[in-house]
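The next block holds one structure in the form of structure tokens; read it before the comments.
The values are calculated or read from the model by the stated rules, or taken from the named source; none is laboratory data. For clarity, every value in this text was computed on a predicted model and none was experimentally measured. Backbone-built Cβ (ideal geometry, glycine too); neighbour counts: all protein chains shown.
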Amino acid sequence: MAIKEWKLKKEIVRIAFGQMRQNDVPDMVMDANTFDESKYGFAWDSLLEMYGHRFDKPRINVGPNSKYRIFFAELSEQLGCDEVMPGTTIIEGNALDFVKTLPDITIEKLFSALQQGGVQLEFREAIEELVKVDNPLVVAEQFSNIEQNLNLIPESIKLWYPIYYTPNEKLPTIQEGLARGHIDQSLYYQNTDAVTRWFSITNDEFYTGFDQCKTGLLKLSREQQWLDFTQDVDCDGIVMLCGGGAHSKDAVLIKCLLDGAQKRQNENSNDKKIRYTLVDRSSAMLEVSRSKIAELLDKRDGHDFIEIRALRRDVMSMNGSEPVRGYGKLAWFNTGGTLGNLDEAQFFKSLNQTAQKGDLLILGVSCVDDNGELDLAALAKEYERDVVKDLVAVPLSAVWTTLSVDEKPEDALSSIIVEAVPNELSAVKNSTTVVAKLPSDSMGEIILFKSSRYQESSLIDFVSDYGWEHVVSIDGLDSSFKQLMFRKN
């Protein structure tokens, strides 16, 4: 049987946990780092697939004998639901029945999310009706009386992490990108609205890249080569390049560092802290990451082991002066397929300015089968979703009035073309690149974004030319996305 109103219930659960992504919830319920497949009878990637895409489908078994009942029982208990058989209401009842089982603190979170725009648009009206029915004395005008800070961690124990800036660094602008015919994708993430638009993409049911990447990082965390690195006395920490705003992936890696750091400090009380450094052009994305990481360290008593740094920096022009290394070796991460958005050659030239012998590099990349053919039309269609176009449209519209063009912004944006092109727009051989173009009458063709998929063997050869030796490849949910580990020669 299918779970009634599953998508609406998922949104309620997401808000209750304070998560920005739907598929981070299973990790909150059943810690992905310690998940035991033999105990539950299902694999982690199977739970993600069911939670994200299948629990509302016909002929899905969530009956009394379903192996997934244990997940819903644990979910119910963590939410504090008032029910005799934990998990029953979310499976068998409607959304209103489910809301009635929730504690007051969760109802307040739903009110707060409605007021602050934290509910996904398609569910806003339904949740508004649900909480009004459940609390008939509360009306919209009273939303402002609800305590806004519902985080249960006392503010007094939180630490503020500064965002470091490179003196006199001049970042590019959208106007400059329009002039040269190719807009740097990092510019779409510069304001606080971009955070909301980015999480709308990662919550879209057709977007699998985030779960592919996070699953690969979870598998990486169990690899012996990685465990050896995190537990080594020469481990100096992790640098996450272009990774702002993806805090649930940061959590996977920070847990690894905490385990290694605690082990070392038990053996040597004078061991220094190790660093977790976020490097990104967007202060807004850095801010959301560091606040979530602070909560994680509060819960794990991790402040004594790890120092968090946020550096607003262009990863394409590093020069070795970045405050990322104290002593020892670093692990550099570029995840989520971000390499495919960049000029790969320039990225490695920049990285090699500051990387040192013995450092690790982990690239999360989309891959094409070495021997198979790629459906170019289907690949392009993945990027035609409204949430993707919205990420581009909002900042473009904001600067359009500064341009001396006759076109209206809505007319130009409605003409965006998305196509998949083989063996172009990438420095890596045998790559296929999805590219979005704006065929402007006034300015000519403008590339809005690009995303390359790589043939694994060709990418390994390319990276080796810059002095990085391939160590291991790890699949995400499947072989279409991989985490590739390299070591600097």
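A few comments on the model shown:
- Where a residue in the range 32-44 is in a helix (DSSP H, G or I) and its partner, wherever it lies, is of a type in the set (D, E, K, R) and at pLDDT below 85, with Cβ under 9 Å and at least six apart: 33/259
- A single entry from 23, 94 fulfils the requirement of being in contact with an Asp or Glu (Cβ under 7 Å, 6 or more places away or on another chain) and closer than 21 Å to residue 203 by Cβ: 23.
- Subset of the range 269-292 (residues that are closer than 16 Å to residue 195 by Cα and either in a helix (DSSP H, G or I) or out of contact with any helix residue (DSSP H, G or I) (no Cβ under 8 Å at 6 or more places or on another chain) (or both)): 283, 284, 285, 286, 287, 288, 289, 290, 291, 292
- Restricting 249, 255 to those that are surrounded by fewer than 21 Cβ atoms within 10 Å (Cβ to Cβ), touching a helix residue (DSSP H, G or I) at 6+ places or on another chain (Cβ under 6 Å) and closer than 25 Å to residue 216 by Cβ reduces the list to 255.
- Just one residue in the set 48, 114, 8, 75 is in contact (Cβ under 8 Å) with a residue 60 or more places away in the chain, in contact with an Asp or Glu (Cβ under 8 Å, 6 or more places away or on another chain) and part of a helix (DSSP H, G or I); that residue is 48.
- Of all residues making up the range 342-353, the number that are surrounded by 19 or more Cβ atoms within 10 Å (Cβ to Cβ), among the hydrophobic types (A, V, I, L, M, F, W, C) and part of a helix (DSSP H, G or I): 3
- Among the residues making up the range 79-105, those that are over 18 Å from residue 69 (Cβ atoms) and either of a type in the set (A, V, I, L, M) or crowded, with 21+ Cβ neighbours inside 10 Å (or both) are 95, 96, 99, 102, 105.
- From 339, 330, residue being in a strand (DSSP E or B), under 18 Å from residue 354 (Cβ atoms) and either of a type in the set (D, E, K, R) or in contact (Cβ under 8 Å) with a residue 40 or more places away in the chain (or both): 330
- Pair list, Cβ < 9 Å and 6+ apart or interchain, from the range 457-474 residues that are within 13 Å of residue 349 (Cβ to Cβ) and aliphatic (A, V, I, L, M) to residues that are at pLDDT 95 or above and buried (at least 18 other Cβ atoms within 10 Å of the Cβ): 463/344; 463/348; 463/361; 463/363; 463/428; 463/484; 463/486
- The selection criterion, being assigned to a loop (DSSP other than H, G, I, E, B) and over 28 Å from the mean Cα position of the chain (by Cα), does not hold for residue 57.
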